[in-house]
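K.L.:
Structure provided below as structure tokens; questions to follow.
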Amino acid sequence: MSSERQYGWMWVEACEVLDRAERLQRQFLRYVGRGADAAVWEPPVDIQESADGLILVFALPGVAAEDISLTIEPAELTLSARRPLKLSSAEAVIRRLEIPHGRFFRRIPLAGLPLKLTASRYENGCLEVRLGREAPQDGER
């Protein structure tokens with residue numbers, strides 16, 4: 001095997017490892033201060049872009065639709081949600097917690113033409129948000 005081919009393979013594998021590490025980092029909670037809401041989960045998101053705008057799909061396992069808040073500003077989209085820890089009984093002993101609970105929070109920076117919320121739907125633990133591009137005003141470009 002040539003050294004060029006060997007290093008190319010190693011580079012691809014290194015990029016895959018970095019990508020996996022980034023995904024894992026988002027699964028862990030962050031501490032943002034003192035108190036009960038100090039632990040914050042960053043939900044994973046898929047983002048697709050088309051000529052019409054953006055489609056974002058947030059994974060929010062076990063979150064009720066009424067516990068989701070979405071805010072759009074010119075420079076960012078902010079999602080916050082809450083999934084309370086529910087025990088089957090007062091005597092239940094937690095042996096493992098792998099599904100995130102508590103407060104979810106994610107900021108997505110927005111650049112380019114201003115975007116507006118055109119549609120959203122929550123189904124099977126995923127929130128789909130559609131943002132459409134606003135047409136430039138006369139004289140703007």
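The values are calculated or read from the model by the stated rules, or taken from the named source; none is laboratory data. Keep in mind it's a predicted model, so treat the numbers as computed, not measured. For neighbour counting, all protein chains shown are included, and Cβ atoms are generated from backbone atoms with ideal geometry for every residue, glycine included.
K.L.:
Can you find a residue in region 22-36 that is under 18 Å from the mean Cα position of the chain (by Cα), surrounded by fewer than 12 Cβ atoms within 10 Å (Cβ to Cβ), at pLDDT 80 or above and among the aliphatic types (A, V, I, L, M)?
P.N.:
No, because not a single residue in region 22-36 is under 18 Å from the mean Cα position of the chain (by Cα), surrounded by fewer than 12 Cβ atoms within 10 Å (Cβ to Cβ), at pLDDT 80 or above and among the aliphatic types (A, V, I, L, M).
K.L.:
Would you point out the residue of region 54-83, among those that are within 15 Å of G132 (Cα to Cα) and charged (D, E, K, R), that is surrounded by the most Cβ atoms within 10 Å (Cβ to Cβ)?
P.N.:
E76
K.L.:
Follow-up. Taking region 68-121, which residues are touching a Ser or Thr at 6+ places or on another chain (Cβ under 6 Å) and charged (D, E, K, R)? Steps first, answer last, please.
P.N.:
As a first pass, look at region 68-121 and keep what is touching a Ser or Thr at 6+ places or on another chain (Cβ under 6 Å): 69, 71, 78, 80, 105, 107.
Hit for region 68-121 is R107, nothing else.
K.L.:
Moving on to the next point. For region 56-88, name all the residues that are aliphatic (A, V, I, L, M) and closer than 15 Å to R106 by Cα. Reasoning before the result, please.
P.N.:
Let us first name the residues in region 56-88 that are aliphatic (A, V, I, L, M), namely 56-57, 59-60, 63-65, 68, 70, 72, 75, 77, 79, 81, 85, 87.
Across region 56-88, the qualifying residues are L56, V57, A59, L60, V63, I68, L70, I72, A75, L77, L79, A81.
K.L.:
Quick one: what pairs do we get from region 109-127, first residue of a type in the set (G, A, S), second in a loop (DSSP other than H, G, I, E, B), C-beta under 8 Å, 6+ apart or different chains?
P.N.:
So the pair list comes out as A111/A75; G125/L60; G125/P61; G125/G62; G125/V63.
K.L.:
Taking into account only those residues within region 37-53 that are over 24 Å from R130 (Cβ atoms) and either among the aliphatic types (A, V, I, L, M) or at pLDDT 85 or above (or both), which is surrounded by the most Cβ atoms within 10 Å (Cβ to Cβ)? Can you show your working first?
P.N.:
First pass over region 37-53, keeping only residues over 24 Å from R130 (Cβ atoms): 37-40.
Then keep just the ones that are either among the aliphatic types (A, V, I, L, M) or at pLDDT 85 or above (or both); that gives 38-40.
Working: A38: 13, A39: 15, V40: 17.
Filtering region 37-53 for residues that are over 24 Å from R130 (Cβ atoms) and either among the aliphatic types (A, V, I, L, M) or at pLDDT 85 or above (or both), the one surrounded by the most Cβ atoms within 10 Å (Cβ to Cβ) comes out as V40.
K.L.:
While we're here: Enumerate the strands (runs of 3 or more DSSP E) found wholly within region 67-141, keeping only those where 2 or more residues are polar (S, T, N, Q). Give the steps one after another, and end with the answer.
P.N.:
Details: elements: 68-72, 76-83, 102-109, 115-123, 126-133.
Passing ranges, in order: 68-72, 76-83, 115-123.
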